[in-house]
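Inspection log for the structure reproduced underneath, given as structure tokens.
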Amino acid sequence: MKTIKQLVMSATLVTVALGLGGCAGMSAQDKNTAIGAGAGAVVGGVLTGGSAIGTVGGAAVGGVIGNQVKPPK
């Protein structure tokens, strides 16, 4: 059991590291879209009790809102 937990934790850390490395060349609008989608997925999941439809819907709405946010000049 302990080996499986270590494997899952290692895979999770590698995935997060690769995901963050992929954000290096993103524009401000792309970053806002990704942040909005992530936040929307969390909020959608919480509001619907972990429903997949709520999580995906929240991510979609959050991504659209994040895309429309303009950085201050």
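Computed values, structure above
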| item | result |
| --- | --- |
| Of all residues making up the stretch 15-30, the number that are in a loop (DSSP other than H, G, I, E, B) and of a type in the set (D, E, K, R) | 0 |
| Count of the stretch 57-73 residues which are modelled with pLDDT under 90 and either out of contact with any helix residue (DSSP H, G or I) (no Cβ under 8 Å at 6 or more places or on another chain) or over 15 Å from A34 (Cβ atoms) (or both) | 3 |
| Residue identified as more than 16 Å from the chain's Cα centre (by Cα) and among the charged types (D, E, K, R) among K5, K31 | K5 |
| Selected residue [exposed (fewer than 10 other Cβ atoms within 10 Å of the Cβ), part of a helix (DSSP H, G or I) and among the β-branched types (V, I, T)] from T33, T12, T55, T3 | T3 |
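The values are calculated or read from the model by the stated rules, or taken from the named source; none is laboratory data. The model shown is predicted, which means the values in this text are computed figures rather than measured ones. Cβ coordinates were reconstructed from backbone atoms using ideal geometry, including for glycine residues, and neighbour counts include every protein chain displayed.
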